[in-house]
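This report concerns only the one structure given below.
The values are calculated or read from the model by the stated rules, or taken from the named source; none is laboratory data. The model shown is predicted, which means the values in this text are computed figures rather than measured ones. When we count neighbours, we look across all protein chains shown, and the Cβ atoms used for this are built from the backbone with ideal geometry, even at glycine. Ligands, DNA and RNA are excluded from the accessible area calculation, which covers all protein heavy atoms including side chains. Shrake-Rupley method; radii C 1.70, N 1.55, O 1.52, S 1.80 Å.
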Amino acid sequence: MSIIRIDGGRRLYGSVTVHGAKNSVLPIMAASLLACGETVIHNCPNLSDVDAAIQILVHLGCTVNREGEKVYVDSKTLTRSDIPHELMREMRSSVIFLGAILARLGEAVLSMPGGCELGPRPIDLHLSALRAMGAEIDEEGGKIICKAKNLKGCRVNLTFPSVGATENTMLAAAKCSGTTIISNAACEPEIWDLQSYLRRLGIKAHGAGTPIITIEGCGKKGNTEHWVIPDRIVAATYLACAASTGGAVELRGICPGHILTVTETLAEMGCEIKAGIDSIFINAEKPRKAVKPIITKPYPGFPTDAQPPIMAASLTAEGTTVFVENIFENRYRHVAELLRMGADIKTEGRVAIVSGVKKLHGAPITATDLRGGASLVVAALGAESITEISGVAHIDRGYDDIVGVLETLGADILRFE
Ligand code: UD1
């Protein structure tokens, strides 16, 4: 079991290049099944979720090689249409393979993803979109069995702009006959990145980034390369780390427009923010103050994934900050751990009220989910004395070498077994 040990209270200084987006890489790895050829994915972070996706591709019969930030996927040899429970359990977002396997082989058998640390994670929207396109779906014995001899393009209206359901629909639509129009689609930048990859495959797709996406299915095959967009949630987390320590940090290789709500919040807290074309500089030397309510919403609203790290940065801000979590039911599990560090937070359903304290102190704490785990790192960096964080496997799902990055910024941090 790994532990991250942080001796807090050191201001972070320096610059960091942000790695590729986990939430783009995973659907693009699923989409590589549609290429029927070789895809080179550039800017691919070294994450345990990416390892899990590689294992799924290999299980399905693809040849996958990894060289540093490049992952090569050859999907010509795809033979299997099932994902066993052990692999599904590794990563809940494996459900994103459903649309691609179905589109490519006409059938797919996945075990039900079930709930996760953030609460129930239904996939009803994914399934009703695939049904609308002609798939026959049975759910029995914890498995989802999908069959579709001939998927047909149609109008899919999502009752909620689910990221995963939008992606699964796009993947199925990319190979079916006719045109699919997805309305109330998710607008997240990762959807736009998936569309860019599909276009590289010769698929006609437009509208990503807006609530209406149109895709004309086609049977083109071929080799292609794709460069993954930077990870906006990792960027938000490192900005929160800088804020929590009163430091001054530059993030490079990012899209500042993807995290406007986060940088606006940090500016309101009193941090100086300077955005360039592909960089952001944050100077958090001034004392931070509470901000107006932070309400998570689908993009371009405040991202639910940035709620825990930004909450951690608000713990020592003067005044009271209210958080309203609208996307996931159970997204305050980090609160119990932050309380152990001296934070003052009260939760009631979807609302958390943070009353700023003068300082936090170190404690032994446990990460219980990915972004909640990141919030503990943010808080520990700004706390007095030593914090030991266990449950590090959760953090490894989404942050490539977080310890090394923070060390280069001057944190007193180490990881041990
Ligand atoms: C993706 C991201 C995750 C992020 C989330 C919201 C990936 C790999 N993960 O997750 O990091 O926090 O978007 O921005 O990209 N829902 C239903 N029925 C469905 C599907 C979703 O009710 O069929 C509900 C979910 O329970 C949740 C909400 O919709 O309450 C948002 O889920 P969704 O946008 O689908 O998130 P994911 O794609 O799972």
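Figures for the structure shown
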item: Residue within region 157-164 that is over 30 Å from ASN330 (Cβ atoms), open to solvent by 10 Å² or more (accessible area, probe 1.4 Å) and polar (S, T, N, Q) present; result: no
item: 1 or more residues closer than 18 Å to ILE203 by Cα: qualifying strands (runs of 3 or more DSSP E) within region 27-87; result: 38-42
item: Which listed residue, of GLY20, GLY68, GLY37, is free of Cβ contacts under 8 Å to residues at least 12 places away in the same chain, over 16 Å from ALA108 (Cβ atoms) and not charged (D, E, K, R); result: GLY68
item: Selection count where residues are assigned to a helix (DSSP H, G or I) and either among the hydrophobic types (A, V, I, L, M, F, W, C) or modelled with pLDDT under 95 (or both), scope region 204-256; result: 9
item: Which numbered condition GLY141 misses (of (1) at positive phi; (2) touching a strand residue (DSSP E or B) at 6+ places or on another chain (Cβ under 6 Å)); result: (2)
item: Region 128-163: number of residues that are among the aliphatic types (A, V, I, L, M), touching a residue at least 40 places away in the same chain (Cβ under 8 Å) and part of a loop (DSSP other than H, G, I, E, B); result: 3
item: Candidates ARG155, ARG80, ARG104, ARG92, filtered to the one that is of a type outside the set (Ser, Thr, Tyr) and within 16 Å of the ligand (Cβ to nearest atom); result: ARG92
item: Candidate set from region 289-316 (those that are away from the ligand (no atom under 16 Å from the Cβ) and surrounded by fewer than 22 Cβ atoms within 10 Å (Cβ to Cβ)); member that is nearest to GLU188 (Cα to Cα); result: PRO293
item: Residues being within 22 Å of the chain's Cα centre (by Cα) and open to solvent by 60 Å² or more (accessible area, probe 1.4 Å) - total across region 367-396; result: 1
item: Test: residue in region 183-198 that is buried (at least 18 other Cβ atoms within 10 Å of the Cβ), assigned to a loop (DSSP other than H, G, I, E, B) and away from the ligand (no atom under 14 Å from the Cβ); result: no
item: Odd one out for ARG331, checked against (1) of a type in the set (D, E, K, R); (2) surrounded by fewer than 17 Cβ atoms within 10 Å (Cβ to Cβ); (3) within 28 Å of PRO122 (Cβ to Cβ); result: (2)
